[in-house]
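*Asks:* Mind looking over this structure? Questions follow.
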Amino acid sequence: MNTCSRAKVELNFVGCLPPNDVDIPAYVKCHGFVSKAQPEGYKLLQTLLRKSHFLFLPSRAEAYGIAFCEASALWFTIVNFICWRHSHCSERQY
C-alpha cells in the first residue's frame, strides 16, 4: 500500500507567477511577488515560513544568498541548485 499518496502536502510558490497556460495542481498555492516592506507581505511571509518544513530555491545563481541565511536561521532544510561562484559556472553544469 502506498501511504505517500495520502500525505497532505501544500507547496507555496512565492516570487513569481507561472504562465497562464500551465495547469497548477490543487496543492500548489501561487502567491506571486511578496514584498517584506509592506506589512501584509511581511505577515504573509512570516506565516508561510512558520508553517513550512523546508525551503526549495531553484535559482541558477544567487548574488548573496539572503534567502538561505533567513531559512537557516529558522533551521529549515534547504533544497537548492545553485552555483555560488559565477566565474566557475558554465551552462554545461546546469
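*Asks:* Against the definition (touching a residue at least 24 places away in the same chain (Cβ under 8 Å) and not in a loop (DSSP other than H, G, I, E, B)), how does Leu44 come out, yes or no?
*Replies:* no
*Asks:* Another question, then. Taking region 57-78 as the region of interest, how many residues are within 14 Å of Gly15 (Cβ to Cβ), surrounded by 14 or more Cβ atoms within 10 Å (Cβ to Cβ) and of a type outside the set (Gly, Ala, Ser)?
*Replies:* Here the count works out to 3.
A short reminder: the numbers here are calculations on the coordinates, not readings from a lab. Keep in mind it's a predicted model, so treat the numbers as computed, not measured. Counting neighbours? That spans all protein chains shown, and the Cβs are built from the backbone with ideal geometry, glycine included.
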